[in-house]
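Heads up, the thing below is written out as structure tokens.
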Amino acid sequence: MSKLRLGVNIDHVATVRNARGDAYPDPVRAAEVALAAGADGITAHLREDRRHISDADIDALAAITRTKRRPLNLEMAVTTEMEVIALAHLPHAACLVPERREEVTTEGGLDVVRGQAAIAPLVGRLAAAGIRVSCFIDADPVQVVASKSAGAQVVELHTGAYCEAVRAGSADAARLLEGLKAAAAQAAALGLEVHAGHGIDYGTVKPIAAIPELMELNIGHFLIGEAIFIGLGPAIQRMRQLMDEARGKAGGA
Ligand code: PXP
């Protein structure tokens, strides 16, 4: 199996910083620690309401990831404002996500079927600028096909429902995992690169990481929370180790 990359989402370092309206803790410093600890890339979501990551953070993250030659994955809503920002910064990747102001987090996947008329041209413009575009979708065969039709190179499968079901001890977990596996196989067969993310912790990472078509996981909230107890570097290293174990490797390839 190919190596599974780990993208670390540092949004919630900014959440803590913003609780005091000050400059500490700095998500850029967290990105540097994450990369030093073995993260393959940095993910950040610039939300319309700027509740965590700010425009200045994106400027700084784009600069340090470029200097360190590591990928920046910009999570963005399908809006003109975010398109302008993406084209100004040219991140390695952009992940198109649904966004509603009242939601606590990205609560479901992007509806690429209904949004096709806006999403396909946006994917085309971002891709023309050299940005790898992914659609963050639920594990739904119709959304996989629509992402391919929209021209996306990548789909990121929303693992939130599966992770919640595992934590709740729900019988639905097995069915949801089968859905993720089927969507990953379908997407790969269509020539899409497959990523996954949302809600992943130490208890849920292994069954997800064992899905052979997956090339990348994006993990944020749990790692930033765990950093409070054991530090960000060790939390990332532990996650990396569990991912490698799930892939049947002691130390990754
Ligand atoms: N992938 C996407 C597309 C997301 O929107 C998020 C949350 O911002 C994540 C991954 C990471 O989710 P979590 O913070 O729950 O690990």
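What follows is calculated from the coordinates using simple rules that are stated; it is not laboratory data. No experiment lies behind these values; they were computed from the predicted model shown. Counting neighbours? That spans all protein chains shown, and the Cβs are built from the backbone with ideal geometry, glycine included.
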(request) Find the centroid of the Cα atoms in the stretch 89-165 and in the stretch 1-71, then give the distance between the two in whole Å. (result) 20 Å
(message) Given a Förster distance of 35 Å, report the FRET efficiency between Ala117 and Glu245 from their Cβ-Cβ distance, rounded to the nearest 0.05.
(response) 0.20
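Within 10 Å, count the other beta carbons around each residue, average over each peptide in 178-186, 34-42, and list them highest first.
34-42, 178-186
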(request) Assign one of three labels to the chain, namely rounded, prolate or oblate, based on the Cα gyration tensor with a ≥ b ≥ c the square roots of its eigenvalues; rounded applies when a/c is under 1.5, prolate when it is not and a/b is larger than b/c, and oblate otherwise. (result) rounded
(request) Step through the residues of the stretch 131-142 one at a time and calculate ³J(HN,Hα) from phi using the Karplus curve (6.51 cos²θ - 1.76 cosθ + 1.60, θ = phi - 60°), rounding each to whole Hz and writing x for Gly and Pro. (result) 8, 6, 10, 10, 10, 8, 10, 6, 6, 10, x, 5
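Please work out whether the stretch 12-51 counts as rounded, prolate or oblate from its C-alpha gyration tensor, where a ≥ b ≥ c are the square roots of the eigenvalues and a/c under 1.5 means rounded, while otherwise a/b larger than b/c means prolate and anything else oblate?
Oblate.
Given axes a ≥ b ≥ c from the Cα gyration tensor, I'd like to know whether the stretch 12-135 is rounded (a/c under 1.5), prolate (a/b larger than b/c) or oblate.
oblate
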(message) Output wanted: per-residue J couplings in Hz (rounded whole) for the stretch 11-21, from phi through Karplus 6.51 cos²θ - 1.76 cosθ + 1.60, θ = phi - 60°, x for Gly and Pro.
(response) 3, 7, 5, 5, 4, 5, 4, 5, 4, 10, x
(message) Considering all projection directions equally, how large on average is the shadow of the alpha-carbon convex hull of the stretch 118-240, in square nanometres?
(response) 8.3 nm²
(request) Note down the nm distance, to one decimal, between modelled labels 7 Å out along Cα→Cβ at Lys206 and at Arg20. (result) 3.8 nm
(request) Normalising by the residue count of the stretch 135-253, find the relative contact order in percent from Cα pairs under 8 Å and 6+ residues apart. (result) 22 percent
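For the ranges 166-175, 80-89, what's the packing order if you count other beta-carbon atoms within 10 Å of each residue, average per peptide, and put the highest first?
80-89, 166-175
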(message) At 0.36 nm per residue, and after removing the present C-alpha to C-alpha distance, how many nm does the segment from Asp172 to Asp55 gain when stretched out fully?
(response) 38.2 nm
(message) Can you show me the helix-derived [θ] at 222 nm for the chain, built from DSSP H runs with n ≥ 4 at -39,500 (n - 2.57) apiece and divided by the number of residues, rounded to the nearest 500.
(response) -14500 deg cm²/dmol
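With r as the distance between the Cβ atoms of Arg238 and Lys3 and R0 = 22 Å, compute the FRET efficiency 1/(1 + (r/R0)^6) and round to 0.05.
Approximately 0.80, to the nearest 0.05.
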(request) Subtracting the Cα-Cα distance from 0.36 nm times the residue separation, let me have the gained length for Val145 to Thr79 in nm, one decimal. (result) 21.6 nm
(message) Test of understanding: in a Gaussian network model of the chain with alpha carbons linked when under 10 Å, which of Val97, Val113, Val123 would top the mean-square fluctuation ranking?
(response) Val113
(request) Give a residue-ordered list of calculated ³J(HN,Hα) values for the stretch 44-57 (Karplus: 6.51 cos²θ - 1.76 cosθ + 1.60, θ = phi - 60°; whole Hz; x for Gly, Pro). (result) 8, 10, 8, 7, 4, 8, 6, 5, 10, 5, 9, 4, 5, 4
(message) Test of understanding: in a Gaussian network model of the chain with alpha carbons linked when under 10 Å, which of Ala31, Ala93, Ala60 would top the mean-square fluctuation ranking?
(response) Ala60
